[in-house]
Amino acid sequence: MTELHTRSYLYRGTLPVLAAACLWGTVGPAQVWADTGADPVSLGALRLLIGGLVLALAALFGPGRSAGLRLLLTRPVWPWIGVAALATAVYQAGFMLAVSRTGAALATAIALGVAPVATGLCSRVVTGERLTAAWTVGTAAAVVGCALLLGPGSSQVAVSGVLLGIVSGICYGLYTVAAKKLSDHGANMPAAVAATLLAGGVVLLPAVTRDGSGLATGDGPLLLVWLGVAATAVAYMLFVSGLRWVTAGTAGTLSLAEPLVAAVLGLLILDEHLSALAETGMTLLLVGLVSVSVPSGVLRRVRPRTYPPQTAIQNNPPDISEVRIPDPAHSGERR
């Protein structure tokens with residue numbers, strides 16, 4: 001791997017995906033900090049709708065909008081938009097329902113634990129991506145660390161909630177692979193992501209009409225702006241832009257930075273405390289993220305150069321019979 005490709009992998013691939021995960025990690029702490037008392041499903045629906053509208057405006061007034069929008073209607077592209085939209089809607093609804101039935105910690109542990117594995121397997125089946133040893137080890141460490149960090153503890157366990165969490169994780173993997181396919185086809189990504197977010201928000205719209213109280217007063221509008229613009233529109237665009245340079249499996253594992261950021265914000269802002277087990281989980285999660293962030297070939301390139309042992313030189317001295325020594329009589333400048 002050349003130095004230029006390595007820098008592109010890190011700065012155009014890894015860092016945007018990590019930045020997206022960091023923004024997603026602010027959703028939970030922001031919701032707790034605002035304390036609006038709003039229904040989580042209605043909040044999720046409005047988050048998708050606001051983010052979708054922002055990206056739709058970016059697609060309509062951005063450069064190359066005509067060709068990019070026409071490409072969305074072509075046969076290789078529009079089926080993947082449908083898959084991404086369906087996965088987004090099912091993920092949001094399934095995750096919110098899982099939280100209500102099993103608690104936030106256990107639902108997050110299940111969904112985010114399943115997500116990178118599902119992403120890797122889906123990418124292997126759909127796109128033929130090779131699952132490297134570094135991905136396998138890093139993902140295993142990150143998933144175990146995520147489970148320890150979130151520490152479900154004594155949360156009430158419901159079979160239906162566990163199944164919904166698994167479905168949510170699978171849908172996250174499907175969305176990542178679908179977004180990767182859209183990116184590979186050269187689709188207008190703001191328009192494509194806007195379509196998926198708006199479709200997902202429309203599916204969840206009945207929850208807003210049923211119970212949207214608490215979001216129009218107090219810190220509700222500020223929370224909606226942050227979640228809709230920063231944690232949705234900007235985050236999703238960073239995520240799909242990074243998918244141009246990293247594999248879907250790697251992006252799925254890197255997205256596990258989300259619970260790590262949420263835990264750190266809980267410590268710094270919400271005055272939460274972590275157990276020794278959770279601290280171990282943070283360490284494992286960080287190790288897993290670092291291992292999948294390093295491009296293949298970098299470690300091979302920085303290995304120390306090997307030299308032949310000294311004994312080999314001593315046992316096979318150079319033959320000096322062929323060495324010619326200049327004659328002093330013939331040396332020097334001719335007069």
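The values are calculated or read from the model by the stated rules, or taken from the named source; none is laboratory data. Quick caveat, the model's predicted, so the values are computed rather than measured. Cβ coordinates were reconstructed from backbone atoms using ideal geometry, including for glycine residues, and neighbour counts include every protein chain displayed. With ligands, DNA and RNA removed, areas are computed over all heavy atoms of the protein, side chains included. Shrake-Rupley method; radii C 1.70, N 1.55, O 1.52, S 1.80 Å.
Do the conditions hold for Trp245, that is, is it at pLDDT 80 or above and in a loop (DSSP other than H, G, I, E, B)? Against the criterion (at pLDDT 80 or above and in a loop (DSSP other than H, G, I, E, B)), Trp245 qualifies. Of everything in the range 118-146 that is of a type in the set (Gly, Ala, Ser) and open to solvent by 30 Å² or more (accessible area, probe 1.4 Å), the residue that is modelled with the highest pLDDT is Ala140. Evaluated against (1) outside any loop (DSSP other than H, G, I, E, B); (2) modelled with pLDDT under 80; (3) open to solvent by 50 Å² or more (accessible area, probe 1.4 Å), Ala216 falls short on exactly one condition, (1).
When the range 118-150 is examined, which residues are found to be assigned to a helix (DSSP H, G or I) and either without any contact (Cβ under 8 Å) to a residue 60 or more places away in the chain or of a type in the set (Phe, Trp, Tyr) (or both)? Before the answer, list the steps.
Narrowing the range 118-150 to residues assigned to a helix (DSSP H, G or I): 118-126, 133-150.
Of everything in the range 118-150, those that are assigned to a helix (DSSP H, G or I) and either without any contact (Cβ under 8 Å) to a residue 60 or more places away in the chain or of a type in the set (Phe, Trp, Tyr) (or both) turn out to be Leu121, Val125, Val126, Ala133, Trp135, Thr136.
As a summary of the residue check, Leu149 satisfies the conditions (1) open to solvent by less than 40 Å² (accessible area, probe 1.4 Å); (2) modelled with pLDDT of 75 or more except for the one numbered (2). Is there a residue in the range 14-28 that is at pLDDT below 80 and either among the acidic types (Asp, Glu) or at positive phi (or both)? Looking for residues that are at pLDDT below 80 and either among the acidic types (Asp, Glu) or at positive phi (or both), one finds none in the range 14-28, hence no. Can you pull out the residues in the range 262-306 that are hydrophobic (A, V, I, L, M, F, W, C), closer than 20 Å to Thr250 by Cα and modelled with pLDDT under 65? Matches in the range 262-306: Val294, Val298, Leu299. Being open to solvent by 20 Å² or more (accessible area, probe 1.4 Å) and without any contact (Cβ under 8 Å) to a residue 12 or more places away in the chain is a property that Pro190 lacks.
Within the range 31-54, restricting attention to residues that are over 24 Å from Ala194 (Cα atoms) and assigned to a helix (DSSP H, G or I), which residue is modelled with the lowest pLDDT? Here the residue is Val32. Suppose the filter is polar (S, T, N, Q), open to solvent by 50 Å² or more (accessible area, probe 1.4 Å) and either modelled with pLDDT of 75 or more or touching a strand residue (DSSP E or B) at 6+ places or on another chain (Cβ under 9 Å) (or both); does Thr88 pass it? No, not satisfied.
Does any residue of the range 220-242 turn out to be touching a Phe, Trp or Tyr at 6+ places or on another chain (Cβ under 8 Å) and open to solvent by 40 Å² or more (accessible area, probe 1.4 Å)? No, the conditions are met nowhere in the range 220-242.
One line per residue, one yes/no per condition, for (1) part of a helix (DSSP H, G or I); (2) modelled with pLDDT of 90 or more:
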position: Lys181; (1), (2): yes, no
position: Thr196; (1), (2): yes, no
position: Gly201; (1), (2): yes, no
position: Gly212; (1), (2): no, no
position: Gly228; (1), (2): yes, yes
position: Ala231; (1), (2): yes, yes
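The single condition among (1) part of a helix (DSSP H, G or I); (2) open to solvent by 20 Å² or more (accessible area, probe 1.4 Å) that Asp271 does not meet is (1).
Residues that are at positive phi, at pLDDT below 75 and surrounded by fewer than 19 Cβ atoms within 10 Å (Cβ to Cβ) do occur in the range 55-71, at least one of them.
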